[in-house]
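**Student:** To start, I am sharing the structure in question, which I have written as C-alpha cells.
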C-alpha cells in the first residue's frame, strides 16, 4: 500500500494527494457549483445544469414560502398577545374602579395606577427596543458596505 492510496481491500479508487504539505480546498456558499464545474458536469450528464437550476429555484421558492409563513404566524401571535394583554389590563383597571366604588380607595388606586404604569412602560420600552434594533441593523449594514 502506497502512502498516497487508500488500502487495496477497499473498493475505492480515490487517492490522497500531498503537494509538499500544501492542502488545496475549495468552498462555496451557494447550492450551485461554479460555471467551470457546471460545464464539467454537463459533459458527463447532459441536462444536469437545467436540473440543478430548477432544483435551486424550487429550494429558494420553498425557503421564501417558509419564511413568509413564519413571519405571518409571528405577526398573528404578537397581535393576539397584545389583544390579550390589553384585555387583562382593562380587567385590572375595572377591578380597581370596583374597589374604589366599594370604598377601598388605596387598593383601587393601586390597581389602576399599576396597570396604567405597566401599559405605559411596555409601550415606551418596546419603542426604545425597536429604535435600538434599527440602529444596530443600520450599523451592521454600513459596516458591510
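**Student:** Name the one entry in 97, 124, 109 that is within 31 Å of the chain's Cα centre (by Cα), free of Cβ contacts under 8 Å to residues at least 60 places away in the same chain and surrounded by 10 or more Cβ atoms within 10 Å (Cβ to Cβ).
**Tutor:** 124
**Student:** If you go through the range 36-84, how many residues are surrounded by 11 or more Cβ atoms within 10 Å (Cβ to Cβ) and under 30 Å from residue 122 (Cα atoms)?
**Tutor:** 1
Each reported figure results from applying straightforward, stated rules to the coordinates on display, with no laboratory input. Keep in mind the model is a prediction, meaning the values are calculated, not measured. A quick note on method: Cβ atoms are made from the backbone with ideal geometry, for glycine too, and the neighbour counts reach across all protein chains shown.
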